[in-house]
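Quick notes on the structure that follows.
Read-outs throughout are calculated quantities, based only on the coordinates presented, and are distinct from any laboratory measurement. Because the structure is a prediction, the values reported are computed rather than measured. Ideal geometry is used to build each Cβ from the backbone, glycine not excepted, and the neighbour counts take in all protein chains shown.
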Amino acid sequence: MAVKKLQMAKTRQRLPDWFRVKLPSGELQQKFNQTKDTVTDNMLHTVCQEAKCPNIHECWAAKDATFMVAGQECTRGCRFCAVGTIKRPPPLDEKEPENLADAISSMGLNHAVITVVNRDDLADSGASHYRKCLEAVREKAPEVTLELLCSDLAGDHDALESLLLNLDLEVFAHNVECVPRLDSIVRDARASFSQSLDILKKAKELRPDILTKSSIMVGLGETDEEISEVLAILRNARVDLVTIGQYLAPSPNHLPVDRFPEPEKYDSWSKEIEDLGFLGWACGPLVRSSYKAGELLSKASVRLRTDKE
């Protein structure tokens with residue numbers, strides 16, 4: 001076993017020189033420290049910390065943070081993801097909506113992303129619980145803009161409708177993760193590009209007033225042409241916001257990295273995204289789906305107002 005792990009480690013590609021994290025300074029450093037101190041003092045848990053996100057300094061300085069609800073383990077086993085897999089998760093925490101609301105309220109955030117694990121064990125895939133969490137946050141911290149990074153709810157459009165109907169929410173996000181050809185390699189068998197796309201389409205149909213968002217990882221074996229095709233498909237589905245970032249294997253047991261596109265390629269994708277008419281985007285090696293989420297929302301809102309004028 002030790003020999004096998006050593007061999008796998010040798011095949012892992014070394015990170016390019018451009019994978020450097022820029023630390024905040026001055027006023028941004030003070031804002032980051034304030035957020036960090038609040039998290040520490042209140043013994044809060046964020047995805048930003050637990051996932052060791054490389055962008056934690058930028059996002060916390062901008063008063064953005066991401067939280068995961070409905071458990072710490074997922075009922076699916078996607079081969080890119082660091083989240084643990086479990087067939088029978090423990091029951092949902094009935095106090096989680098209240099605790100989440102208290103946490104977000106105490107942090108003085110501008111924007112909060114609520115992400116979830118897949119809960120295929122539940123009849124509504126957790127939709128009612130996600131709604132309770134968002135409603136509790138809205139009541140406790142009405143000034144914070146909210147983004148739900150949702151599962152595909154097992155493709156259940158009734159569950160999606162029960163979640164979104166009259167819900168006070170700025171952004172509904174769901175990640176397609178990879179190009180369609182790689183679904184069976186990258187994602188759990190219960191997930192698919194077509195199912196994810198249908199959820200995004202239905203969300204926009206149900207709530208045209210809410211911005212929809214998705215994310216693509218690169219370095220999984222896709223081609224540049226396939227990325228372009230996916231961008232066009234997402235925009236045709238009326239997705240408003242999109243992010244593209246580098247896949248990094250969480251461990252030697254996950255899918256290996258296929259390539260490291262250079263920063264100039266992300267600039268090219270950004271231009272492509274702009275030309276397609278997306279309202280907001282973030283493209284870069286270190287970009288993750290919640291990267292500067294509040295800033296993307298703000299810029300998109302400005303573009304929407306400008307278009308109306």
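Here is how the numbers come out for the structure above:
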item: Extension gain from Glu264 to Asp168, taking 0.36 nm per residue of separation minus the Cα-Cα distance; result: 30.8 nm
item: Theoretical gain in end-to-end length, Ser251 to Ala189 [0.36 nm per residue, Cα-Cα removed]; result: 20.2 nm
item: Difference of contour (0.36 nm per residue) and Cα-Cα distance, Lys201 to Gln72; result: 43.7 nm
item: Spatial separation of Cα centroids for the range 213-229 and the range 240-309, in angstrom; result: 11 Å
item: Calculated FRET efficiency for the pair Lys87/Ala232, C-beta based, R₀ 35 Å, to 0.05; result: 0.40
